[in-house]
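The values are calculated or read from the model by the stated rules, or taken from the named source; none is laboratory data. Predicted, not measured: the structure shown is a model, and the values here were computed from it. Neighbour counts are summed over all protein chains in view; Cβ atoms, including those assigned to glycine, are modelled from backbone coordinates with ideal geometry. Areas reflect the complete protein model, heavy atoms only, side chains present, ligands, DNA and RNA absent. Shrake-Rupley method; radii C 1.70, N 1.55, O 1.52, S 1.80 Å.
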Amino acid sequence: MSFAAKILLPVLLFTPIAQASYNDFSNKPFDKTGKRMAMSSNIVTKAIERDRIIPLQYNQNFKANLDYLYSEIADMGQYELDQITSPALVSSLQEVVGEFACAYYRFKNNQPEAKRCNSSATTVNRKERVPFVDGQYLTKRIESREISKGLPKTEFYTYLPSSQEIPLNTVWGSVHKAGMFFGTNKLGSNDTILSARSIFYRLDRDGYRSGQLNSRSLATFIILPPVREIANQSSERQARDFAIKHARVIVPFPKP
């Protein structure tokens, strides 16, 4: 190896392009004590260890676990709960899953940066970078808006926060590799975990937002296959469909 190559190789290895993997969710501190997720007895870790993981699909199983997914809705009245129990909620979560998969596929396959799945490139001379590590999602959210059918209408706004908004070195950052947890049979160490946030808006008769059903954004931890499997699909559309098909959610234990 030439002298120039010896100098260049370490530089390439530590660029964002080369460092395409994400940090371990299991090693992130969960609270102010600094205790790592895998060593903590928090409601998310306990759920992982007990395999409280269900498919991201709108079915009876999802509806039955809604109170556990979002414990903050326990104080809502039945009228508000009926508005939230909607296929549009799952669709909004699936949409951000799909957009993340498309962005990662574009990055790994050296494709131009784009705003949405299978859309025209924003700048043909600018390649997609590692989502939330470099490039557009340092400052931009991946976001989705879905509206329920029937009346009254509810808008489900779901997003993966930009890294500037919530850094990846926290458990609430948008994307991590799972890492090692004890006892689980449903979470692989190389699986991907997205930390999505959702806000539910009331809509008036003209379709404008007239208030929030939840006082603050609610977190959903979504499990996807390893990013290398997403990137190895035959097309961007296939990557999106693959991620959505295999997406699952962690169902936290009730708060003590």
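Can you tell me which condition Phe181 does not meet? The list is (1) out of contact with any strand residue (DSSP E or B) (no Cβ under 9 Å at 6 or more places or on another chain); (2) open to solvent by 70 Å² or more (accessible area, probe 1.4 Å); (3) of a type in the set (Phe, Trp, Tyr), and all the others hold. Of (1) out of contact with any strand residue (DSSP E or B) (no Cβ under 9 Å at 6 or more places or on another chain); (2) open to solvent by 70 Å² or more (accessible area, probe 1.4 Å); (3) of a type in the set (Phe, Trp, Tyr), only one is false for Phe181: (2). Within region 142-156, if we keep just the residues that are surrounded by fewer than 18 Cβ atoms within 10 Å (Cβ to Cβ) and at pLDDT 95 or above, the residue that is nearest to the chain's Cα centre (by Cα) turns out to be Glu143.
In region 156-179, the residues that are under 18 Å from Gly34 (Cα atoms) and among the basic types (Lys, Arg) form no Cβ pair under 9 Å with any partner that is open to solvent by 10 Å² or more (accessible area, probe 1.4 Å) and not in a loop (DSSP other than H, G, I, E, B), whether six or more places apart or across chains. Do we find a residue being touching an Asp or Glu at 6+ places or on another chain (Cβ under 8 Å) and among the charged types (D, E, K, R) anywhere in region 157-174? No, because not a single residue in region 157-174 is touching an Asp or Glu at 6+ places or on another chain (Cβ under 8 Å) and among the charged types (D, E, K, R).
Across region 247-256, which residue is least open to solvent (accessible area, probe 1.4 Å) among those that are over 13 Å from Leu194 (Cα atoms) and in contact with a Leu (Cβ under 9 Å, 6 or more places away or on another chain)?
First pass over region 247-256, keeping only residues over 13 Å from Leu194 (Cα atoms): 251-256.
Keeping just the survivors that are in contact with a Leu (Cβ under 9 Å, 6 or more places away or on another chain) gives 251-252.
Values: Val251: 2, Pro252: 17 Å².
For region 247-256, the residue satisfying everything is Val251.
Screening region 68-102 for residues that are touching a residue at least 12 places away in the same chain (Cβ under 8 Å) and not in a helix (DSSP H, G or I) and picking the one that is farthest from the chain's Cα centre (by Cα) gives Met76.
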